[in-house]
Structures are given as structure tokens and as C-alpha cells.
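The values are calculated or read from the model by the stated rules, or taken from the named source; none is laboratory data. Treat the numbers as computed from the prediction; the structure is a model and nothing was measured. Cβ placement follows ideal geometry from the backbone for every residue including glycine, while neighbour counts extend to all protein chains displayed.
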Amino acid sequence: MYIYQIMSNSFGYLDIILLGMIAGFIILRLRSILGRKTGHESKVYPGFDEKKFSIPKKDIQPKEQNLETLEGKNKKEFLKGAEIAYETILTAFASGDLIKLKSLLSSNMFSNFSDAIKARNKENIKSEFTFIGVKESSVEKYEKIKDNLFATVKFVAEVISVKRDKENKIIEGNPDKIKFVSDNWIFTRNINQKSPNWYLSKIVS
């Protein structure tokens, strides 16, 4: 009786091992056929994965902008860019960064800014400038003249500006006082140029 029980138990263990081996073999076969999921596969939706969709060219071409006016979204985006340019130009002028200025100014304005920086350096005048922020900006005038666009923008901003002489004495401004400045800048862009960038062409006093 004892030997029978041992043999029965042995056959039970063998059955379990055999079934486990068969299951393992089936899993390996399925894995080799179907592949393993890594978690990065894109979802597949039956009925859509093999379809090819053609988009008419007219739908992917950008709409031609009306250059005669500056309104709506175009105006909002222009003013946002103009504010960034305003801060960048003022900061670059104070630090004497001619490379940055050249990318934002017309050739005539770059010459004027460059001469002013050279004169400042010659007199050993140090310029300290902190841009606080633009409080207000608005397009005062916009016009298209032949192939050129012109936009006059009024800026009202807060800044801290100080000039010091070669002995580090303050000759203009106050490092502890924020002042309001109001400027009217004219930006221009040639519509025949590949670059969509605007450049500062004039400062209206």
C-alpha cells in the first residue's frame, strides 16, 4: 500500500512537470510567432491601419496673408515679437552686443547704434541697464509701400538705467529707481525676402 501511494504521488508530480513543459513550449512558440510587446508599440485599430488617406495640396498650403492690413492673430503675434525685440535691442545696446543688434536692426540703424557704442566706449562710460517689463504696446500705424511693410509700435516700459564715468561715478540715472519710458519704434520688412523677420528701421522721438 505504501509503495502504491509513493508511485501514485510520483506519477502526479510527473504529470504536473509534463504539463508545465508542454505549456512552456506553447508559450515560446506563440512568442516567436507573435513577438513580444515592449510597451512602445502604437495602437492598431482594425479597419484603419491599412487605409491610405490622401490630403489635397490646397489643404496643406498655408493661406496667403493679406499684407495690406495687420489684424487679429497676425497683429497679436507681431506685437509679441516686437516686445521681445524691444527688450533685446535695449539690453544688447546697454551691453554693447553688436552681434545681437545686427540681427535686429536695419543697416542704417545698426550703423547708428554701433557709432553710439563706440563713442560711449571711447569716453569710458559704463551703461547699466535692467529691463523690468513692457507695460503696454500698440500698433500706431501700419502701411505697405511697394514691397516694404512698415509698422510703428508704441512701447511703454519700466526700466532701471544708470550711466557711470571711468571713475564709476553716476552721471545719469538712479540704480534704485524704476522709471517709465515711452518709445515709438518703426519696424520694417521686405516681402520679397525669404526671411519673415522684421527689423528696427527708425526711432521716432
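Brief remarks on what is shown
- As for the stretch 57-73, it holds at least one residue that is out of contact with any Ser or Thr (no Cβ under 8 Å at 6 or more places or on another chain), crowded, with 17+ Cβ neighbours inside 10 Å, of a type outside the set (F, W, Y) and outside any helix (DSSP H, G or I).
- Strands (runs of 3 or more DSSP E) within the stretch 123-205 that include 1 or more residues of a type in the set (S, T, N, Q) and at pLDDT 95 or above: 126-145, 148-164, 179-190, 199-204
- Scanning the stretch 74-106 for residues that are assigned to a loop (DSSP other than H, G, I, E, B) and either surrounded by fewer than 14 Cβ atoms within 10 Å (Cβ to Cβ) or of a type in the set (G, A, S) (or both) yields G96, S103, S106.
- Every condition in (1) surrounded by fewer than 16 Cβ atoms within 10 Å (Cβ to Cβ); (2) in contact with a Lys or Arg (Cβ under 7 Å, 6 or more places away or on another chain); (3) farther than 18 Å from K80 by Cβ is met by F180 except one, and the failing one is (2).
- Condition met for F150 (under 17 Å from L67 (Cα atoms), touching a residue at least 12 places away in the same chain (Cβ under 8 Å), surrounded by 12 or more Cβ atoms within 10 Å (Cβ to Cβ) and of a type in the set (F, W, Y)): yes
- Checking each residue in the stretch 160-185 for being closer than 10 Å to I125 by Cα and acidic (D, E) picks out D165, E167.
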